[in-house]
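I have placed the structure first, in the form of structure tokens, so that the comments after it can refer back to it.
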Amino acid sequence: MSFLKPRKDDHPKVHEAYEVMKDGRMDRREFVRVAALLGVSAGAAYAMAGIPSPAWALENSPFPADDPKAKKGGKLRVGMQTQKMEDTATYSWAEMSNQTRHIVEHLSMTGPDNITRPMLAESWTASDDLKTWTFKLRKGVMWHNGEEFVADHVVWNVRRWLQPGLGSSNVGLAAFAAMRKDSGKKDKKGKAIMVEIPGAVEAVDSHTVRFNLKKPVLSVPEDCYNYPTALMHPSFKKPFSNNPIGTGPFTLTDLQVGKQAILKRVTKMSNGKPFKYWGGEVYLDEIHYYHFSNENQLSALASGSVDAIYEFSIEQMELAKSLPIDIIPARTARTLCCRMQISQKPYDNHKLRQAIVKSVDNAKVKNLVYPTGGDVGQNHHVAPVHPDYFDLPALKRDAAAAKKLLAEAGYPNGIELTIDVGNTDGPWHQTVCEAMRDQMKEVGINLKINVMPPSKYWEIWDKTPFGATAWTHRPLGTMVMGLGYRTGVPWNETHIASKEFDAALDAAEATFDVEKRKPLLGKAEKILQDAAVMVLPLFRPVYTAATKKVHGYPPHPTGYHQFNKVWIG
């Protein structure tokens with residue numbers, strides 16, 4: 001097996017990771033991911049690892065190579081829930097980001113192979129201590145209004161995300177958390193007001209942006225492809241759907257929430273000049289999203305109403321196999337987090353929460369809902385598919401201990417609880433809760449299930465005392481832990497605030513050697529597990545599908561749509 005050695009001017013951490021890989025202490029694909037994050041081109045990183053680069057991967061592009069058989073024109077009809085498009089920085093669901101993804105774009109893009117490549121950035125470099133990140137932007141990238149995309153536009157977006165009043169989930173990511181500090185002031189709820197550190201982001205010149213962090217972070221380029229980090233024009237005003245200015249190949253021409261979202265190719269800028277897309281050939285003329293609930297998307301595909309769908313459930317697999325379609329599976333970290341809000345009664349009672357989690361057998365719930373595929377959850381939100389997953393001892397259901405804890409919590413005769421469920425990913429959410437209900441009953445917990453319309457659940461998901469919230473896939477365990485459980489971040493729906501957890505997460509985020517990072521993240525996993533803030537029974541496989549006439553339909557564990565090279569045969 002031949003390996004391409006790192007260049008002398010490659011980041012010191014690339015040389016260190018190379019030696020760790022050669023010693024067998026780092027998986028070769030994990031090396032590719034790390035090297036690409038540190039500025040090595042994806043092709044060179046694959047060569048250093050001694051494995052072939054994916055056939056579709058292009059140098060200096062996040063998109064697949066052009067298919068010589070591709071035909072131009074036509075529209076792609078996709079079955080998916082259609083949602084409002086208010087403010088990309090505060091998006092809370094992947095579907096609305098898919099409607100937006102072909103209009104506004106990101107500095108980077110993480111592909112289906114989990115490798116992050118430059119997008120609107122042309123390249124990036126990191127300082128030796130991983131605190132200073134410099135992004136070189138592509139020249140000649142144009143907004144739909146005729147302006148060139150420049151560094152000041154990136155600075156405007158990042159500084160906006162950091163504003164304490166905006167509530168963007170981006171501040172939970174390591175890169176942007178490292179740009180904030182405690183102001184010493186409290187908000188009306190008594191929470192610390194976090195503000196931007198001086199010089200956190202700067203325009204070095206018209207096409208160079210620098211991030212200056214207060215602590216080392218490896219995942220900066222990956223963080224820049226979290227869906228709320230789409231870069232908007234500084235003229236933005238809510239709702240985005242009213243004036244969708246972007247750098248992508250499409251624009252929005254019609255949005256009817258709960259019905260359809262229509263995207264059409266941009267051919268002219270608003271100044272009347274032709275629009276030339278920076279990202280090369282794009283084949284489709286139009287993308288039509290038609291609203292179908294998750295359980296009805298496969299039926300829509302079977303009837304010919306759509307050409308492709310967002311996803312279908314395991315219960316529909318036999319139907320899917322009977323159809324003349326391409327089934328596209330992916331192992332993921334997508335999950336249902338049945339979480340308790342520890343700031344609200346009765347869930348402020350730690351022993352009650354312990355009784356709840358000890359009453360549930362996660363493996364049995366997983367096997368009931370997903371008998372094949374998927375992974376058992378361990379009540380801490382890091383999945384086995386994550387490269388930084390630390391395998392804690394398996395949880396075991398203990399009904400006797402649960403009964404004892406329930407009595408110690410002040411409920412010797414049992415308790416009645418209600419969990420809110422929106423079935424936002426399909427009826428399997430309700431099935432999970434029913435399985436939990438049946439197991440909890442034995443220990444004296446009477447769990448009622450309040451099934452709500454998906455749209456109504458998303459109105460209260462971060463407020464309900466006990467709710468079943470669907471979370472999408474993130475490429476790293478540190479990323480989802482930062483988004484969901486770091487003290488004070490907008491998506492912290494459990495309201496846990498642990499300095500010990502934050503410190504453990506910070507240490508894991510700053511460690512590039514995955515074998516060293518795993519036990520550090522494992523400490524954060526254990527803190528979350530011991531806090532008993534959730535029942536997270538499973539990580540689910542995801543199945544999407546398209547008709548045979550759709551070519552290049554991209555599988556992605558997050559469910560992100562990037563249709564630049566999709567074509568209709």
So which trypsin sites (Lys or Arg not before Pro) in region 387-471 pass both tests, a DSSP loop state and at most 15 other Cβ atoms within 10 Å of the Cβ? Lys396, Lys463
Could you tell me what fraction of 2.2 N^0.38 Å the Cα radius of gyration of region 152-212 comes to, as a two-decimal ratio? 1.17
May I have the extent of the alpha carbons of the chain along their three principal axes, as whole Å values ordered from largest to smallest? 73, 56, 56
If you average the C-alpha positions of region 492-538 and of region 345-387 separately, how far apart do those two centres end up, in angstrom? 16 Å
Taking amide H positions as placed 1.01 Å from N in the peptide plane, with prolines and chain starts having none, which residues 5 or more places from Ser498, or on another chain, fall under 5 Å of its amide H? Thr487
Determine, from the Cβ-Cβ distance of Ala503 and Asp129 and an R0 of 25 Å, the FRET efficiency 1/(1 + (r/R0)^6), rounded to the nearest 0.05. 0.85
Interchain or long-range residues, amide H under 5 Å from Ile193's placed H: Ser183, Gly184, Lys185, Lys186, Asp187
Restricted to Cα positions, what overall size does region 331-541 have along the principal axes? Three whole-Å values, descending. 49, 35, 32
Checking rank on 126-132, 543-549, with mean other Cβ inside 10 Å and highest first, the result is 543-549, 126-132
What ranking of Thr332, Thr478 emerges when the number of other C-beta atoms within 10 Å of each C-beta is taken as an exposure proxy, fewest first? Thr332, Thr478
What ranking of Thr100, Thr472, Thr372 emerges when the number of other C-beta atoms within 10 Å of each C-beta is taken as an exposure proxy, fewest first? Thr372, Thr472, Thr100
The alpha-carbon pair-distance distribution computed for region 303-385, with 5 angstrom bins and whole-percent values, is 3, 10, 18, 18, 14, 13, 9, 7, 5, 4, 1
Fewest to most neighbouring Cβ within 10 Å: what's the order for Leu536, Leu395? Leu395, Leu536
Points 7 angstrom from Cα along the Cβ direction at Ile51 and Asp9: gap in nanometres? 2.9 nm
Dipole of the chain, positive end: most advanced residue of Leu483, His381, Ser219 [Cβ charges, Cα centre]: Leu483
Viscosity 0.692 mPa s, 37 °C: Kirkwood-radius Stokes-Einstein D of region 306-444 over Cα pairs, µm²/s: 192 µm²/s
Would you calculate a helix-derived [θ] at 222 nm for the chain, using -39,500 (n - 2.57) for each DSSP H run of n ≥ 4 and dividing by the full residue count, to the nearest 500? -7500 deg cm²/dmol
Using only C-alpha atoms and all pairs of different ones, pull out the Kirkwood radius for region 26-170 in Å with one decimal. 17.8 Å
Could you compute the FRET efficiency for Lys321 and Lys259, with r as their C-beta to C-beta distance and R0 at 35 Å, rounded to 0.05? 0.70
If you stretched the chain out fully between Asp23 and Glu442, how much longer would it get, using 0.36 nm times the residue separation minus the C-alpha to C-alpha distance? 145.8 nm
Please list, in chain and number order, the residues 5+ apart from Ile309 or on another chain whose amide H is under 5 Å from its amide H, with Hs placed from the backbone. Gly79, Ala545
Cα pair distances of region 285-344 binned at 5 Å [whole percent]: 4, 14, 23, 19, 14, 9, 7, 5, 4, 2, 0
In the P(r) worked out for region 104-238, what percent of Cα pairs fall beyond 23 Å? 31 percent
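Here, each number is a calculation from the coordinates, and none is a lab measurement. If you're wondering where the values come from, they're calculated on a predicted model, not measured in any experiment. Counting neighbours? That spans all protein chains shown, and the Cβs are built from the backbone with ideal geometry, glycine included.
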